[in-house]
Amino acid sequence: MPGPSGEVPFKRQKKEETLSESDEEPYIDDPSDTDYCESVLSGGKDGNFPASKWKYSDLKQINIFFDEKPEIYEDFMMEVKEDILKNYPHCSDFSKCVNTFTHLLKENVVFSYDLENIRELRKHMYKNKVDIEQEMIKDIQGDVQKSENAEKNFDLKDMLSRRWFPAVKKFAYQTLKLIKRSLYPIEEGAVTLRMDIEPSKQKQSEEIECAEVYEAVDEEFFQHFCSIFGQLFFLEPDAVKRKTLYFNGKTVNSTPDLAYSLHLEPFAGVTDIQDTILFVIEVKRKPVRMKTSVSVSLEEQVGPRVLGQVGLELFAETNFSVLKPNSLGIICMETKFIFVYLRMPEDHCVNVLLGAPLETKGKISYTRSFDMLNAEDRSKIAEFLYFLGCVQNCRIPNSKI
């Protein structure tokens, strides 16, 4: 297992930075979507507001704006990496380690599926579904076997080398579980003929029950799936901390779904540690709205009601982030995810909390969406996530100097 050395072969592409300050007509959200709270920040009685109640209009009041379009992924990745290495100059770039595991993932974990297409297969006859599932099982087990063979060449004295194959196996079998739940939504509770229902209405009753049981693939399942996916890249979730902020006469609470923190060396007397590398802002049991997200705004991808929460949670995390005064997060929508990154001057955060006049701005950039089940997407983001995984596990000193 090679150790960290050399330069990461990232090349910055030219881009035109944009800051969304326009009051353009908002994206029309689905009125049936009740997962998102419609409360506005100014409407509460006790002045206590969870992040989920924030809207983009509230975020604009503290001069934080989203870019109008997704940033080129390579540029996004490079900016974050440069900011980490600037804050922690003693931290390596781990290029040899990152390149080794990125190559292993691309060569050995190649199964690729679309969750919506799998759900469409529910309409097929049972035998057809079983045959299709068997092919998927065969493909995934083949990848597990290839990965196990690759592990034979590892130096198992190295911690990360020991962790790679078990993580691949966990992700593979968690994917099989998701496939099974999606193909057979009544798996956990078979529909039986009810004596009190007329035969003519039985089919309708079965469809209702089928839909109810299908709800078992809930946000908790996708949150766990996201956690298992992170382990592919040596990212281990830490205890989630609730953040409470006081400003503009309001108490604002923020609690991410998952958080990944540095494994810092012990240092006596330190109480305020910036150790969060990455956190998962929200896991939704709802798909990304736009299948092609390369050039569409974040609002069009996830809906306008999510924007305020995303921005507030990024803001709340800045004082605890290794990227302070910036913060890095992920939005998960089922198996798809989007990187988001808040950058702002340090005095902007201070002035917001003090209620001082705001002469600066914060900007939230974001990427297109990626799918954990898609082999090409996994290969695309592997280099970045392996870098973050190595940073988490390298036990850098507490001091940034």
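The values are calculated or read from the model by the stated rules, or taken from the named source; none is laboratory data. All values reported here derive from a predicted model rather than from experimental measurement. Cβ: placed from backbone, ideal geometry, glycine included. Neighbour counts: every protein chain shown. Side chains are part of the model used for accessible areas, which takes the heavy atoms of the whole protein and leaves out ligands, DNA and RNA. Shrake-Rupley method; radii C 1.70, N 1.55, O 1.52, S 1.80 Å.
Among all residue pairs at least 6 apart or on different chains, which show Cβ distances below 8 Å where the first residue, located in region 307-324, is free of Cβ contacts under 8 Å to residues at least 24 places away in the same chain and more than 11 Å from S254 (Cβ to Cβ) and the second is polar (S, T, N, Q) and open to solvent by 10 Å² or more (accessible area, probe 1.4 Å)? No pair meets every condition. For region 76-117, name all the residues that are assigned to a helix (DSSP H, G or I), more than 21 Å from the chain's Cα centre (by Cα) and crowded, with 20+ Cβ neighbours inside 10 Å. If the condition is that a residue be assigned to a helix (DSSP H, G or I), more than 21 Å from the chain's Cα centre (by Cα) and crowded, with 20+ Cβ neighbours inside 10 Å, then C97, L104, N108 are the ones that fit.
A residue that is under 27 Å from M333 (Cα atoms) and of a type in the set (G, A, S) can be found somewhere in region 107-117.
How about region 239-257: which of its residues are out of contact with any Leu (no Cβ under 9 Å at 6 or more places or on another chain) and over 21 Å from L358 (Cβ atoms)?
Of region 239-257, the ones out of contact with any Leu (no Cβ under 9 Å at 6 or more places or on another chain) are 239, 241-244, 249, 255-257.
Once the filter is applied, which keeps residues that are out of contact with any Leu (no Cβ under 9 Å at 6 or more places or on another chain) and over 21 Å from L358 (Cβ atoms), region 239-257 yields A239, K241, R242, T244, T255, P256, D257.
For region 303-401, give me every one of the strands (runs of 3 or more DSSP E) that falls completely inside it and has 1 or more residues that are modelled with pLDDT under 90 and under 14 Å from the mean Cα position of the chain (by Cα).
Numbers: elements: 327-333, 336-343, 362-366.
Per the criteria, 327-333.
Looking only at residues that are touching an Asp or Glu at 6+ places or on another chain (Cβ under 8 Å) and either modelled with pLDDT of 85 or more or of a type in the set (F, W, Y) (or both) in region 191-225, which one is farthest from K123 (Cα to Cα)? Write out each step before concluding.
Pass one, region 191-225, residues touching an Asp or Glu at 6+ places or on another chain (Cβ under 8 Å): 191, 213, 216, 222-223.
Within this subset, residues satisfying the condition of being either modelled with pLDDT of 85 or more or of a type in the set (F, W, Y) (or both) are 222-223.
Values: F222: 23, Q223: 27 Å.
For region 191-225, the residue satisfying everything is Q223.
Contact annotation: residue pairs with Cβ atoms under 6 Å, 6 or more positions apart or on different chains, pairing a residue in region 54-75 that is touching a residue at least 40 places away in the same chain (Cβ under 8 Å) with a partner that is buried (at least 21 other Cβ atoms within 10 Å of the Cβ) and of a type in the set (A, V, I, L, M), are W54/L312; Y56/L307; I62/V352; F66/L298; F66/I364. Close contacts from region 226-241, counting a first residue that is modelled with pLDDT under 90 and a second that is of a type in the set (S, T, N, Q), with Cβ to Cβ under 7 Å and a gap of 6+ residues or different chains, come to D238/S261; V240/T255.
Among residues belonging to region 133-156 that are open to solvent by less than 50 Å² (accessible area, probe 1.4 Å) and touching a residue at least 40 places away in the same chain (Cβ under 8 Å), point out the one that is farthest from C97 (Cα to Cα). I'd like the intermediate steps shown before the answer.
Quick first cut of region 133-156, residues open to solvent by less than 50 Å² (accessible area, probe 1.4 Å) only: 133, 136-137, 140, 142-144, 147, 150-151, 154.
Restricting the remaining residues to those that are touching a residue at least 40 places away in the same chain (Cβ under 8 Å) gives 133, 136, 147, 150, 154.
Values: E133: 35, M136: 31, S147: 17, A150: 15, F154: 12 Å.
The selected residue is E133.
Filtering C97, C91 for residues that are under 23 Å from A382 (Cα atoms), at pLDDT 90 or above and either touching a Ser or Thr at 6+ places or on another chain (Cβ under 6 Å) or not β-branched (V, I, T) (or both) leaves a single hit, C97. Among the residues of this structure, D377 does not count as one that is charged (D, E, K, R), open to solvent by 10 Å² or more (accessible area, probe 1.4 Å) and under 16 Å from T318 (Cα atoms).
If you scan region 302-340, which residues turn out to be among the hydroxyl-bearing types (S, T, Y) and more than 22 Å from F222 (Cβ to Cβ)?
T318, S321, S327
Answer yes or no as to whether V130 is assigned to a helix (DSSP H, G or I) and touching a Lys or Arg at 6+ places or on another chain (Cβ under 7 Å). The answer is no for V130. If T34 satisfies all but one of (1) among the polar types (S, T, N, Q); (2) touching a helix residue (DSSP H, G or I) at 6+ places or on another chain (Cβ under 9 Å); (3) at pLDDT below 50; (4) farther than 21 Å from R368 by Cα, what's the number of the condition it fails? Condition (2) is where T34 drops out. Entry remark, region 42-72: residues being at pLDDT below 90 and charged (D, E, K, R) number 5 in total.
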